[in-house]
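Have a look at the structure below, then the notes.
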Amino acid sequence: MPLTDDEELDRLLDAETIAVIGCSTTPGKAAHEVPAYLQRNGYRVIPVNPFADEVLGETSYDELADVEGDVDLVDVFRPSEEVPEVLKEVRERHAERGDAGAAWLQLGISHDEAAAAAEADGIEVVQDRCIKVEHGRLRG
């Protein structure tokens with residue numbers, strides 16, 4: 001069952017490195033502004049966007065599997081219909097590397113079946129919540 005409790009959400013915010021799938025190069029878009037907010041608040045943001053070489057001063061990767069180093073949390077800015085494939089990538093990375101133990105699906109993004117499969121593989125999942133809003137609310 002996806003995490004909803006304030007204590008659980010706050011614990012996920014202890015992450016240091018956040019891979020952002022669908023991170024945008026376009027200022028003003030949530031997929032750009034939320035990762036920028038995370039950077040300003042001390043997180044290392046790793047953009048995952050196959051159409052960009054760099055976002056927010058960080059090297060952008062084509063897919064999660066390409067990201068070097070450890071990833072604590074995967075923040076997802078992709079449509080709900082893409083969530084099964086995205087969470088499959090998170091599950092594969094978690095199984096192979098032992099990192100990426102949590103996935104945060106942004107506001108308006110959810111997929112119960114894919115979330116349940118990820119949770120069965122040991123991934124903590126948040127659905128349909130903005131990490132920026134929750135960070136400001138819990139840690140502001």
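The values are calculated or read from the model by the stated rules, or taken from the named source; none is laboratory data. The shown structure was predicted, so the numbers you read here are calculated from the model rather than taken from an experiment. Note: ideal-geometry Cβ built from the backbone for every residue, glycine included; neighbour counts use all protein chains shown. Accessible surface is based on the protein model in full, side chains and every heavy atom, while ligands, DNA and RNA are left aside. Shrake-Rupley method; radii C 1.70, N 1.55, O 1.52, S 1.80 Å.
Some notes on this structure:
- Solvent exposure ordering (accessible area, 1.4 Å, most first) of 23, 130: 130, 23
- For residue 126, the residues whose amide H sits under 5 Å from its own are 3, 103, 104, 105, ignoring neighbours fewer than 5 places away on the same chain, with H placed 1.01 Å from N.
- Residue-normalised accessible area of the stretch 1-105, expressed per residue, 1.4 Å probe, Å²: 50 Å²
- For the stretch 1-60, trypsin sites (Lys or Arg not before Pro) meeting the loop criterion (DSSP other than H, G, I, E, B) and having at most 15 other Cβ atoms within 10 Å: 29.
- DSSP beta bridges in the stretch 12-140 [antiparallel fraction, %, rounded to 5]: 10 percent
- For the stretch 39-100, chymotrypsin sites (Phe, Trp or Tyr not before Pro) are listed when DSSP marks them as loop and at most 16 other Cβ atoms sit within 10 Å of their Cβ; the list is 51.
- Prolate/oblate/rounded label for the stretch 45-101 (Cα gyration tensor, a/c 1.5): oblate
- Solvent-accessible surface (1.4 angstrom probe) belonging to residue 72, in square angstrom, nearest 10: 70 Å²
- Each eigenvalue of the Cα gyration tensor of the chain, multiplied by 5 and square-rooted, gives one semi-axis; in descending order these are 20, 18, 14 Å.
- Potential extension, residue 29-residue 139 segment - 0.36 nm per residue separation minus Cα distance: 37.3 nm
- Solvent-accessible surface (1.4 Å probe) assigned to residue 25 amounts to roughly 80 Å².
- Estimated dipole of the chain in Debye, rounded to 20 [Cβ of Lys and Arg +1, of Asp and Glu -1, Cα centre]: 540 debye
- Largest to smallest accessible area among 14, 99 [probe 1.4 Å]: 14, 99
- Atom-type composition of the exposed protein surface of the stretch 1-132 places 43 percent of the accessible area on carbon and sulfur (1.4 angstrom probe).
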